[in-house]
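A short write-up of the structure that comes next.
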Amino acid sequence: MNSEYNAQQIEAQAQKYWQENKSFEVSEDTSKEKYYCLSMFPYPSGRLHMGHVRNYSIGDVISRYQKMQGKNVMQPIGWDGFGLPAENAALKNKVPPAKWTYKNIDYMRAQLSQLGFGYDWSREIATCHPKYYRWEQWLFIRLFEKGLVYKKNAIVNWDPVDQTVLANEQVIDGRGWRSNALIEKKEISQWFMRITNYADELLNDLDKLNGWPDAVKTMQKNWIGRSIGLEVDFPRRNADSLRVYTTRPDTLMGVTYLAIASEHPLALEAGRNNPQVQAVIDECKILKTTEAAMETMEKKGINSGLKCTHPMTNEDVPIWIANFVLMDYGTGVIMSVPAHDERDYEFAKKYGITIKQVINENANIDENAMINKGVLFNSGEFNGMNFEQAFNSIAKTLTDKNLGRKKINYRLRDWSISRQRYWGCPIPIINCPGCGAVAVPEADLPVVLPKEVSFDGIGLPIKKIPKFYQTTCPKCGEAAKRETDTFDTFFESSWYFARYTCKDNNDKMLDKRANYWLANGGVDQYIGGIEHAILHLLYARFFNKLLRDEGFIKNDEPFKNLLTQGMVLKDGAKMSKSKGNTVDPTQMIEKYGADTVRLFILFAAPPTQDLEWSDSGLEGAYRFINKVYRLVKGFIQDHENHAIGTLDNLSKTQKDIRLKTYKTLSKITDDISRRHLFNTVISALMELCNTLSKFDDISETSMAVRQESIHILLKTLSPISPHLCHHLWQKLGNTKAIINEPWPNIDESALAQDEVKIIVQVNGKLRAKLILNTDADKTQVKLQALANENITKFTKGKAIVKVIIIPNKLVNIVVK
């Protein structure tokens, strides 16, 4: 055995053993309890960052621990291959996105292997590979035929110079990220999935997810946004009514204007007849369209000159065009009550619109809107009613007048899945002038994305490849064009968890193996960042239900338990290339070894909290690894000349070592299995290592105690620092690899104590500590407590009222 710890040599040998013995490859085995552990797969950007290392270290510890519990553990890995960064790299480096992506995959795969993660590499997938995305094309066609996907016009960010649609993150201060052109809002045809058909189930099934953080479930509930309100019609003379939805019908009598989106047909009509109105509409075209952006931007608008009628009072209500109304959100019309809505108040103040207060007569609205619910006034027949009374009464009145109705509404909108980008999965539709949108025949799948493509930054590259888009209609045989939009990349990441179960099936999207691995609630443990709490998790839940309804799987939900790990920070800021504060895992591995990096990233903070990177902390982890190495080396050297006996007739010191060992085992078993507090697991193992390092007795019995404790130390440390433990386990003479060893059982006899420390109080205050035999009866405990000289100082000359004894824990003497 080498005198010094050599991380690179030890880790290379362990990884070679795991690879040659296929230690982490699994198949379905009904004789064992299955355990599916999954971390969110990485985007192949070219380099792992410490956030990746943390995420995958957590998953690997859980997987290895569950394997030691005798379970059939699957831990797969893959690559979220499509995405905008590859196109940006193609523009910058003149490298085709496919070449850039696969080169990055090769590099990052080597990094993951270098870290020793126990992946079943036989299940590796890349979502940009046709063998993967052909099946989502196939599913899309099934859903298209059922009417669960459809095409309609929607508003997008349009770059007039580059002639392309931009994602929200590509719009910087209202301008295109590359062209710097003012971005316009443009209406184009888009594909959508009817996720709203599943809104109730997506909402209600959150209550089944007992293994999810409450915060994540709340975020999803808010995103789905189920609300009970009223649909209200505002009539117009000689024209169709304007319909709005409100959850605050109690404020209806305070409506002083309606606000419509700049893309609303009435706005466009008003613009044709009024140059000033048209100028405002044109200005709105270059403003941000996200809800978050609209919360903070300056509110702008103009009176359209059109009016409608209040459904209760029959008074005229002006119709304003406002930049804070989204056409694709609801009906593109909102009823504005400036006295009781902050946004409406800000707009009304700016343009001198009437503000009419109708809730809580004594509230002051001179400076701000009064948004709380209360008692109605200034509301005619509804005066004096509270919110609930007014809701029901106004609903009945409007229903009787055929101008309103109660309605359950959702904030959730159908999912826009088409993207005007090249590097994505082609949408399998052929657009025929005569037949319309026609699905690509199943026999022609996959529709393969051309890999060799030139990027000049102008327009969509795929539209410049006639060989790709020119085709014939499968129905009529006439000339037609293939769809050039590609799927939103969330499409690929919404079902990858299921494809891992049967990646090698080239004939079906999923087979019966999916039901084996997804039984009993889906993936047993899912791990990823809190930033994916809404969209990715919601879309994955939606896809799971689609796959269930297609008959592929039986589970209602994809992820039984969810762990959302915190960010890795440096100097208080999230690590990022733009901030220049990243730490290269490869450099750290080459200097300290993968086991040290893994141990530090798990020790520095509980997994759900943010972690502050510390070079000194990494040094501390390295010192602990070396201490374990020296501990085992010292035992092996002692064993060369001294025999190992049995665990019989132990001395007090030997019993204390076993007690410490099994107390540690008991604690960390709970911390690692139930609480996932790996930092406290490591802390406890450090304490145990310190204790064992001081116990160097070489008697036969002591050698047996040392061997037992070192075995437990290595087994319990092995999920965290597996290379070191693999190496030391072999050096101890074990023929079976530690990866195939079971988690140690607790020896209850070792936890039994001959003596125990008793706390002695006088009137509830600590006054002494006694070491007593555990079998001492209450009379003996009482006598020894009263006889203690520290106790007599506080009881002398006083009447003892009573003595309270909690066996083997506490004595409280009450005096007066």
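The values are calculated or read from the model by the stated rules, or taken from the named source; none is laboratory data. Note that this is a predicted model, so its numbers are computed, not measured. Positions of Cβ are backbone-derived with ideal geometry, glycine not excepted, and every protein chain shown enters the neighbour counts.
Laid out as a table, the results:
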| item | result |
| --- | --- |
| Boolean, Leu569 is in contact with a Leu (Cβ under 7 Å, 6 or more places away or on another chain) and either modelled with pLDDT under 95 or surrounded by fewer than 21 Cβ atoms within 10 Å (Cβ to Cβ) (or both) | yes |
| Residue that is under 30 Å from Tyr198 (Cα atoms) and within 42 Å of the chain's Cα centre (by Cα), where the choices are Tyr345, Tyr410 | Tyr410 |
| Residues satisfying the stated conditions in region 778-802, i.e. within 55 Å of the chain's Cα centre (by Cα) and surrounded by fewer than 13 Cβ atoms within 10 Å (Cβ to Cβ) | Lys778 |
| Residue check for Leu546: in a loop (DSSP other than H, G, I, E, B) and surrounded by 17 or more Cβ atoms within 10 Å (Cβ to Cβ) | no |
| Residue in region 187-194 that is among the hydrophobic types (A, V, I, L, M, F, W, C) and under 30 Å from Glu388 (Cα atoms) present | no |
| Some residue of region 246-267 being under 35 Å from the mean Cα position of the chain (by Cα) and part of a strand (DSSP E or B) | yes |
| Where Leu724 falls short, out of the listed (1) loosely packed, with under 11 Cβ neighbours inside 10 Å; (2) touching a residue at least 12 places away in the same chain (Cβ under 8 Å); (3) under 47 Å from the mean Cα position of the chain (by Cα) | (1) |
| Wholly enclosed helices (runs of 4 or more DSSP H) of region 673-759 bearing at least 3 residues under 28 Å from Pro606 (Cβ atoms) | 678-693, 700-717, 722-731 |
| Single unsatisfied condition, Asp488 versus (1) under 23 Å from Pro607 (Cβ atoms); (2) crowded, with 23+ Cβ neighbours inside 10 Å; (3) touching a Gly at 6+ places or on another chain (Cβ under 8 Å) | (1) |
| So Tyr56, is it among the hydroxyl-bearing types (Ser, Thr, Tyr), closer than 27 Å to Ser493 by Cβ and either free of Cβ contacts under 8 Å to residues at least 24 places away in the same chain or in a loop (DSSP other than H, G, I, E, B) (or both) | no |
| Number of the exception - Thr354 against (1) surrounded by 14 or more Cβ atoms within 10 Å (Cβ to Cβ); (2) touching a Ser or Thr at 6+ places or on another chain (Cβ under 9 Å); (3) in a loop (DSSP other than H, G, I, E, B) | (1) |
| Some residue of region 196-206 being in contact with a helix residue (DSSP H, G or I) (Cβ under 9 Å, 6 or more places away or on another chain), more than 19 Å from Glu557 (Cβ to Cβ) and touching a residue at least 40 places away in the same chain (Cβ under 8 Å) | no |
| Region 788-816 residues that are at positive phi, paired with ones that are modelled with pLDDT under 95 and part of a strand (DSSP E or B) (beta carbon under 6 Å, 6 or more apart) | Asn808/Val756 |
| Contacts under 7 angstrom Cβ, first residue in region 371-397 being more than 17 Å from Val255 (Cα to Cα), partner assigned to a helix (DSSP H, G or I), 6 or more apart | Met385/Ser393; Ser393/Phe382 |
| Complete set of residues in region 86-109 that are of a type in the set (A, V, I, L, M) and either part of a helix (DSSP H, G or I) or farther than 19 Å from His129 by Cα (or both) | Ala86, Ala89, Ala90, Leu91, Ala98, Ile105, Met108 |
| Count - residues of region 59-85 that are assigned to a loop (DSSP other than H, G, I, E, B) and either without any contact (Cβ under 8 Å) to a residue 40 or more places away in the chain or surrounded by 24 or more Cβ atoms within 10 Å (Cβ to Cβ) (or both) | 5 |
| Of residues in region 631-652 being among the aliphatic types (A, V, I, L, M) and part of a helix (DSSP H, G or I), the one farthest from Leu714 (Cα to Cα) | Ile636 |
| Every residue from region 598-613 that is assigned to a loop (DSSP other than H, G, I, E, B) and either of a type in the set (Lys, Arg) or out of contact with any helix residue (DSSP H, G or I) (no Cβ under 8 Å at 6 or more places or on another chain) (or both) | Thr608, Gln609, Asp610 |
| Criterion: among the acidic types (Asp, Glu) and outside the structural domain of Lys715 (by TED's automatic domain parsing) - qualifying residue of Glu612, Glu557, Glu590 | Glu557 |
| Search result, residues across region 144-202 that are outside any strand (DSSP E or B) and in contact with a Pro (Cβ under 7 Å, 6 or more places away or on another chain) | Ala181 |
| Residues being aromatic (Phe, Trp, Tyr) and under 35 Å from the mean Cα position of the chain (by Cα) - total across region 432-485 | 1 |
| Residue tally, condition assigned to a loop (DSSP other than H, G, I, E, B) and touching a strand residue (DSSP E or B) at 6+ places or on another chain (Cβ under 7 Å), over region 760-787 | 3 |
| Residue match in region 34-49 (condition: assigned to a helix (DSSP H, G or I) and closer than 18 Å to Asp595 by Cα) | no |
| Residue in region 137-159 that is within 25 Å of the chain's Cα centre (by Cα), surrounded by fewer than 21 Cβ atoms within 10 Å (Cβ to Cβ) and closer than 28 Å to Gly457 by Cβ present | no |
| Any hit, region 226-239, residues being in contact with a Gly (Cβ under 9 Å, 6 or more places away or on another chain), assigned to a helix (DSSP H, G or I) and either among the small types (Gly, Ala, Ser) or over 15 Å from Val317 (Cβ atoms) (or both) | no |
| Ser718 being surrounded by 13 or more Cβ atoms within 10 Å (Cβ to Cβ), closer than 30 Å to Gln69 by Cα, of a type in the set (S, T, N, Q) and at pLDDT 95 or above | yes |
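Conditions tested, residue by residue: (1) part of a helix (DSSP H, G or I); (2) out of contact with any His (no Cβ under 7 Å at 6 or more places or on another chain).
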| residue | (1), (2) |
| --- | --- |
| Gly330 | no, yes |
| Met370 | no, no |
| Ser393 | yes, yes |
| Lys396 | yes, yes |
